[in-house]
Amino acid sequence: MHSFNGKVAAITGAGSGLGRALAIELARRDAALALCDIDAAGLQETVRLLPAGSQRCTTAAVDVADRDAVFAWADACRAEHGQVNLVINNAGVAMAVMAETVRPADFAWLMGINFWGVVHGTQAFLPHLRASGDGHVVNVSSVFGMLAMPTQAAYNAAKFAVRGYTEALRLELELQGAPVGVTCVLPGGIATRIVASQRIAPDIEAFTGMDAQAFRAEGQRLIQRTSPEEAARQVLAGVQRNARRVLVGRDARWADLLVRLLGPAYQVLVVRGARRARQREQQRRTAQA
């Protein structure tokens, strides 16, 4: 897919962040859009921000964890636009929990969106992408799909799963000679609101030394690496070159290098960093007391 002109792109999680930036960038490149998000108000704001003279844009309030709803939306996209060339499974949520104590209901909530939402979107749109003769699947994993972090057990599990699922899908479609490319996106920190809106388990403070407010603030500070607009351009450049993986941001490239060079030994550095962060927080609290 060397050009997006005249193509139809379906994007999940298009009501904010990277999904919104992708919609705006694709509209600038003369693609028609089919956008979904569980946040209907956010979707309408995305539509308002599209450049004047954009191609047709349709929207739908869809919970990607609902398989039937995603399949119904995919069929509606094909009916409304005549074809679908590109699906970007971007919708995601964040949650800080301990691996030992994460509640099954919370784990299921996150996996339903971050992993099963990707599977639902991929399976629902693949027949339409094949029929277009020039299709592409983009599944958004994370830098946390390459390396693990304390308090991110559920998020790590989902994003590692997305990476494995997407890479296997690419191999299968290549073996079939299907007219569909597949790209796994592994972003580092993108300046969105995902961390600020994350769920935080009550036992995080005892582990990190930070209360929920401080934990959110620190996480939000750490992800201010790449703007959503720049991330969207990197993702679409990857689609155009049919990249197997797109590492978004310098921090993602460093993480990839770290894991390649050190293997599991990278975990030693993570533990040291986490201990230093806890010590800094304890010193800050002592100074304020």
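Points to keep in mind about this one:
- All positions within the range 5-53 that are part of a strand (DSSP E or B) and touching a residue at least 60 places away in the same chain (Cβ under 8 Å): VAL8, ALA9, ALA10, ILE11, THR12
- If you go through the range 247-261 and pick out every residue that is hydrophobic (A, V, I, L, M, F, W, C) and surrounded by fewer than 18 Cβ atoms within 10 Å (Cβ to Cβ), you end up with 5.
- Qualifying residue in the range 170-182 (condition: touching a residue at least 60 places away in the same chain (Cβ under 8 Å) and touching a Cys at 6+ places or on another chain (Cβ under 7 Å)): no
- Total residues in the range 194-253 satisfying the condition of being assigned to a loop (DSSP other than H, G, I, E, B), over 26 Å from ALA105 (Cβ atoms) and hydroxyl-bearing (Ser, Thr, Tyr): the figure is 1.
- Scanning the range 137-153 for residues that are assigned to a strand (DSSP E or B) and surrounded by fewer than 24 Cβ atoms within 10 Å (Cβ to Cβ) turns up just one, GLN152.
- Among the residues of the range 73-98, the ones that are in a helix (DSSP H, G or I), surrounded by fewer than 24 Cβ atoms within 10 Å (Cβ to Cβ) and among the aliphatic types (A, V, I, L, M) come to 2 in all.
- Pairing residues of the range 247-261 that are touching a residue at least 60 places away in the same chain (Cβ under 8 Å) with residues that are part of a helix (DSSP H, G or I) and β-branched (Val, Ile, Thr), at Cβ distances under 9 Å and at least 6 apart in sequence or on separate chains, gives LEU247/VAL143; VAL248/VAL143; VAL248/VAL235; GLY249/VAL143; ASP251/VAL143; ALA252/VAL143; ALA255/VAL143; ASP256/VAL143.
- Residue list for the range 82-98, restricted to those being closer than 20 Å to ILE194 by Cβ and out of contact with any Ser or Thr (no Cβ under 6 Å at 6 or more places or on another chain): ILE88, GLY92, VAL93, ALA94, MET95, VAL97, MET98
- Residue that is modelled with the lowest pLDDT [pool: residues in the range 176-200 that are surrounded by fewer than 19 Cβ atoms within 10 Å (Cβ to Cβ) and small (Gly, Ala, Ser)]: ALA196
- Residues that are surrounded by fewer than 20 Cβ atoms within 10 Å (Cβ to Cβ) and either farther than 18 Å from CYS184 by Cβ or at pLDDT below 95 (or both) within the range 103-129 comprise ARG103, PRO104, ALA105, ASP106, PHE107, ALA108, TRP109, GLY112, PRO127, listed in sequence order.
- The set of residues in the range 55-72 being more than 15 Å from GLY19 (Cα to Cα) and surrounded by fewer than 19 Cβ atoms within 10 Å (Cβ to Cβ) consists of ARG56, ASP66, ARG67, ASP68, ALA69, PHE71, ALA72.
- Answer residue from the range 18-41, given it is of a type outside the set (A, V, I, L, M) and either surrounded by fewer than 24 Cβ atoms within 10 Å (Cβ to Cβ) or at pLDDT below 95 (or both) and is nearest to ARG78 (Cα to Cα) among those: ASP30
- In the range 213-226, the residues that are of a type in the set (Asp, Glu) reach residues that are part of a helix (DSSP H, G or I) and surrounded by fewer than 18 Cβ atoms within 10 Å (Cβ to Cβ) with C-beta atoms within less than 8 angstrom, at least six apart or across chains, in these pairs: GLU218/ALA277.
- Subset of the range 220-232 (residues that are farther than 16 Å from SER16 by Cα and out of contact with any strand residue (DSSP E or B) (no Cβ under 8 Å at 6 or more places or on another chain)): ARG221, LEU222
- Residues of the range 210-246 satisfying the condition of being in contact with a helix residue (DSSP H, G or I) (Cβ under 7 Å, 6 or more places away or on another chain) and buried (at least 18 other Cβ atoms within 10 Å of the Cβ): MET210, PHE215, ARG225, PRO228, ALA231, ALA232, VAL235, LEU236, VAL246
The values are calculated or read from the model by the stated rules, or taken from the named source; none is laboratory data. Keep in mind that this is a model prediction, so the values were computed, not measured. Neighbour counts run over all protein chains shown; Cβ positions are idealised from the backbone, glycine included.
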